[in-house]
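*Asks:* Can you read through this structure? Questions will come right after.
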Amino acid sequence: MCGIAGVRHLDGRPTSAAGLEAMAATLVHRGPDAVGYWQGDGVGFAHTRLSIIDLPSSAQPMASPDGRWQLVFNGEIFNYRELREELGGALRTQGDTEVVLTGVARHGIGYVDRLRGQFAFVAHDTVDGTTYMVRDRLGVLPLFYSFAGGTLAFASEPKAIFAGTDLEPEVDHASLGAYLRGRSVPAPHTLFAGVHKLLPGHWARLDRDGTLTHHQYWSLPAPDPVRDWTPATAVDAVEQAVRAGVSSALVADVPVGAYLSGGVDSSLIAAVVSDLRHGGEVSTFSAGFGDPRYDELPWARRVSAELGTTHHEVEVRPDDFEGLWKTLTWHRDAPVSEPADIAVFRLAQLARTKVKVVLSGEGGDELFAGYPKYRMARALQATDVVPGALRAQAAALLERRIPGAGARARIALRAAGARTEAERFATWFAPFTTADRAALLQGTVEHPDHLLPGHQRDVIGRMLAADVRSWLPDNLLERGDRMSMAASLELRPPLLDHRLVELAFRLPSSVKMRGGTTKWALKEVARRYLPDEVVDRKKVGFRVPLDSWFRTGLRESVWDRLTGPESFVSQALDKDEVRALLERHESGRFNEESKIWTLMSLEVWHETFFRPTVVPTDHPDTITTAGTRSATRATSEALPPGTAADQQSS
């Protein structure tokens, strides 16, 4: 993967070479191998390269032979060799970038339909003055932009936009409610005012006259109304699609490894990689936490031994959390929404010492109904016979009686009390209920939901579609991209090959939730490669004892950051509600760790991007930031790539 950035002035005034250099400097962790620039009439591109395919060539920005088209590209096109043959003619390189450029130049932007892979790119036609921004179908790779005052700026990460333009960081208060609901802000918005995310499966076109239009080129299919799927034929089809997806994701001119948690998804991917390589070496990577209650390293080791992989492990320590919080917030450009992000970053650091590309298991739960909530979907749908207001009141009363240890029961109760189906779907991942958010926001105007319409007929299918359209790209994939790119490592989720995604949504829900078993079809595929005890074991997941930390070692930091005189949280949200939340948790009768983490991460984000801090020169995990363009540029020059490199060697 790479970093892309650029600026276009519609009035034709020259772009700033220094601004483009600042944008590239901010993204160098995404592409430490090479940097390139192009400037034309009112347009400038910057590119930082992580060389994966066609290592000696394929420099960017890349121009078409006649000079008409200019392209900056981030990602990998897994079927680029097939497309190269179809295009014919003498191409100058052996890489996938030129395939994209040639295809768009010859066939227009509709050529994106032919691309299979993960990508974000911007193409500019110097003749008719059209600029296209394109993002892959599932949103594996990010693309952000701002458009105001006749200037378009785009980048792989928002901070690069601030580094290269006069746009100053400001909080988008209308996005705070979405963040409190989902620990991330769904596209097209971000927590930065004026900075937008291009929606997955979309391209946007900026014309010479300043018209910016958006087009959806891909969407989830409806269930297959013709084919009569049986459990056996469904499992066979899923296995073929999984193998095709993994095989495609192995395309590279550098070593490719795989994450291995010991869970079904990562174990299946590692097993298929091993099978496709016919016993050749496979490097796998796992993280441990030093706590036998939550540590899955023994399972990862067992799968590794079963498959014969070369296995590597890293232990995540408690001090990693405090030490890396601000650094990873800078990389995330948003609050670190899950404690697991720290572990993912440490895992990426480990993998980067051995490989440049790693396969991960994102998508299995969202395609095949792997979360416990899917098991309860139909039962909760039945509660819709009770009026929404009455359900909400009853749920709120009962929730107060559930002890701190009953986290799952509280979440299910909140979902039952949701007034609408869309609210119920969002509630499963929401740290704060609708009532909580209303109390905290005190009338703050919020953006309307921007959920794309779906075609699913049953409640499980609709829930899956909602997760794939928002939770997956805006939370899971965005976090995965940033934590891996922070270590200059390319992450590929083969289960999100769009052919497999389309198959999953054509299948009936009965082969995903079957006999009370979640993710049934994918588990049956895994059973063909792995021992039953690996497939059937209860998933532990990543668990950090935040509940006790927030009452002991982190207590002072929590109270100071969330209620102190400089606290953004206490100014933007209702301070009395925040204090009451902390007091409930401190009492020991309630466990509010998820809510406190969400607010603490929001506060650390604000500190990172809006409040200057003093930086010890010998501490790479601390950064200096302020809400000014010059300070943002200084941060980009000071932090990466030294942060990742220094930590890898420690």
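Read-outs: derived from the displayed coordinates by stated rules, not from any lab. As the structure is a computational prediction, the values presented were derived from the model and not from experiment. Note that we place each Cβ from the backbone using ideal geometry, even for glycine, and neighbour counts take in every protein chain shown.
*Asks:* Which order do Asp295, Asp333, Asp66, Asp574 fall in if you start with the one that has the fewest other Cβ atoms within 10 Å? Display every interim value, and only then the final one.
*Replies:* Values: Asp295 20, Asp333 26, Asp66 9, Asp574 15.
Ordered by Cβ neighbours within 10 Å, fewest first: Asp66, Asp574, Asp295, Asp333.
*Asks:* Same structure, new question: Using a 7 Å offset from the Cα along the Cα-to-Cβ direction at both His107 and Arg375, what is the distance between the two label points in nm, to one decimal?
*Replies:* According to this spin-label approximation, the distance is 4.5 nm.
*Asks:* OK, next. Quick check: pseudo-label points 7 Å beyond the Cα along Cα→Cβ at Thr353 and Glu577, how many nm apart are they?
*Replies:* 4.5 nm
*Asks:* If you don't mind, there's one more thing I want to ask. Along its principal axes, what span do the Cα atoms of the stretch 1-130 show, with the longest given first and each in whole Å?
*Replies:* 39, 34, 23
*Asks:* Given 25 °C and 0.890 mPa s, how large is the Stokes-Einstein diffusion coefficient of the stretch 2-216 in µm²/s, with Rh as the Kirkwood radius over Cα pairs?
*Replies:* Numbers: Rh = 17.3 Å.
My calculation gives 142 µm²/s for D.
*Asks:* Still on this model: Ser247 label point, 7 Å along Cα→Cβ, cut-off 15 Å on backbone N: hits in the stretch 264-280?
*Replies:* The answer is 272-278, whose backbone nitrogens lie closer than 15 Å to the label point.
*Asks:* May I ask you to sort Ser587, Ser557 by Cβ crowding, counting other Cβ atoms within 10 Å and putting the fewest first? Display every interim value, and only then the final one.
*Replies:* Numbers: Ser587 11, Ser557 15.
Fewest-to-most ranking of Ser587, Ser557: Ser587, Ser557.
*Asks:* Still on this structure, please answer the following. If you scale each eigenvalue of the Cα gyration tensor by 5 and take the root, what three semi-axes come out for the chain, rounded to whole angstrom and sorted largest first?
*Replies:* On the way: eigenvalues 251, 194, 129 Å².
Sorted largest first and rounded, they come to 35, 31, 25 Å.
*Asks:* Based on the Cβ-Cβ distance from Glu82 to Thr230, what FRET efficiency comes out when R0 is 25 Å, to the nearest 0.05? Numbers along the way, then the final one.
*Replies:* Details: r = 32 Å, r/R0 = 1.27.
Between Glu82 and Thr230 the formula returns 0.20.
*Asks:* List the GluC sites (Glu not before Pro) in the stretch 42-140 that DSSP assigns to loop (not H, G, I, E or B) and whose Cβ has at most 16 other Cβ atoms within 10 Å. Which are they?
*Replies:* Working: sites: Glu76, Glu82, Glu85, Glu86, Glu98; in loops: none.
Filter output for the stretch 42-140: empty list.
*Asks:* For Asp11 and His447, what is the calculated FRET efficiency with R₀ set at 35 Å and r taken between the beta-carbons, to the nearest 0.05? All intermediate terms of the calculation are to be shown ahead of the outcome.
*Replies:* Details: r = 30 Å, r/R0 = 0.85.
It comes out at approximately 0.75.
*Asks:* For the stretch 186-283, how big is Rg over Rh, using alpha carbon atoms and the Kirkwood form of Rh? Show your work: numbers first, answer last.
*Replies:* On the way: Rg = 20.2 Å, Rh = 17.9 Å.
Result: Rg/Rh = 1.12.
*Asks:* On to the next question. All other residues with a Cβ under 13 Å from the Cβ of Gly67 taken together, and with Lys, Arg as +1 and Asp, Glu as -1, what is their net charge? Intermediate values should be presented prior to the final figure.
*Replies:* On the way: positive: Arg68; negative: Asp41, Asp66, Asp125.
That sum, taken over residues with Cβ under 13 Å, equals -2.
*Asks:* If contacts are Cα pairs under 8 angstrom and at least 6 residues apart, what is the relative contact order of the chain in percent? Intermediate values should be presented prior to the final figure.
*Replies:* Numbers: 1239 pairs, mean separation 109.4, N = 650.
For the chain, the relative contact order is 17 percent.
*Asks:* Then there's this: Taking other Cβ within 10 Å of each residue's Cβ, how do Glu362, Glu524 sort, fewest first? The partial results should precede the final answer.
*Replies:* Numbers: Glu362 24, Glu524 20.
Ranking Glu362, Glu524 by Cβ neighbours within 10 Å, fewest first, gives Glu524, Glu362.
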